[in-house]
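Values quoted throughout were computed directly from the atomic coordinates according to the rules given, and no laboratory measurement underlies them. Predicted, not measured: the structure shown is a model, and the values here were computed from it. Positions of Cβ are generated from backbone atoms using ideal geometry, with glycine treated the same way; all protein chains shown enter the neighbour counts.
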């Protein structure tokens, strides 16, 4: 038995003409709110309040930020604004003669600076010399047809 594997699983199905179900719901919701405004409010107030509703519903339906839907961006913005934040504080020590603030971190003082020994320097020079070895015909492994 053969089963057909779907190939375009990341693309939503177009249900209502050129619109997906989510796009249709966003536009229908915005249109419904505008219809409620029209039936309950005077026309000048309806126009003023409908413009942001239409803009938001069209943005939710069609606008993307860096390839992500606007609803995801809004969700992440609210999560950031309402979520807990971690603030780190580093103690500053005043420099005696300059008067400038210096950040004192233990990680900088504790981390040793690696020194390049002569044998490591020779190894580095040997590995960088690959181009010269390839020209001379000395190879470490099988040739692939591509020359350096």
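Values for this structure:
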| read-out | value |
| --- | --- |
| Region 28-83: relative contact order in percent, alpha carbon pairs under 8 Å with at least 6 residues between | 27 percent |
| Enclosed volume per residue, in Å³, of the convex hull spanned by Cα atoms of region 14-82 | 108 Å³ |
| Estimated distance in nm for a label pair at residue 127 and residue 10, the labels positioned 7 Å out from Cα along Cα-to-Cβ | 3.4 nm |
| Label-to-label distance, nm, for residues given as residue 28 and residue 1 (7 Å Cα→Cβ offset) | 3.5 nm |
| Relative exposure of 122, 90, 22, judged by other C-beta atoms within 10 Å (fewest first) | 90, 122, 22 |
